[in-house]
Amino acid sequence: MKIRLNGKNLSITCSTLLDLIVHQNLDQKAVVAEYNYKVVKQDDWEKVKINNGDNIELLSFVGGG
């Protein structure tokens, strides 16, 4: 299926938001997920089913000095 991830078109086989985050090798403790313009709580990532044409933003926070 095709989605838009962080502003880029992407073909994926992931079925849930959690699957996508794991597939992208992101640190789950440092990610904020937005699904179709709504922020999704981490507890709900596994419940959110990805559909063709969805818009997803994954923001990863990195500390530094």
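Some notes on this structure:
- Subset of region 3-22 (residues that are loosely packed, with under 11 Cβ neighbours inside 10 Å and either at positive phi or touching a residue at least 40 places away in the same chain (Cβ under 8 Å) (or both)): GLY7
- Against the test of being over 9 Å from the mean Cα position of the chain (by Cα), farther than 18 Å from MET1 by Cα and open to solvent by 80 Å² or more (accessible area, probe 1.4 Å), the options ASN25, ASN52 yield a single qualifying residue, ASN25.
- Number of residues in region 55-65 that are in contact (Cβ under 8 Å) with a residue 24 or more places away in the chain and open to solvent by less than 100 Å² (accessible area, probe 1.4 Å) equals 6.
- Summed over region 28-49, residues that are assigned to a loop (DSSP other than H, G, I, E, B) and either open to solvent by 40 Å² or more (accessible area, probe 1.4 Å) or touching a Cys at 6+ places or on another chain (Cβ under 7 Å) (or both) total 3.
The values are calculated or read from the model by the stated rules, or taken from the named source; none is laboratory data. Please read all numbers here as calculations on a predicted model, not as lab measurements. Positions of Cβ are generated from backbone atoms using ideal geometry, with glycine treated the same way; all protein chains shown enter the neighbour counts. Side chains are part of the model used for accessible areas, which takes the heavy atoms of the whole protein and leaves out ligands, DNA and RNA. Shrake-Rupley method; radii C 1.70, N 1.55, O 1.52, S 1.80 Å.
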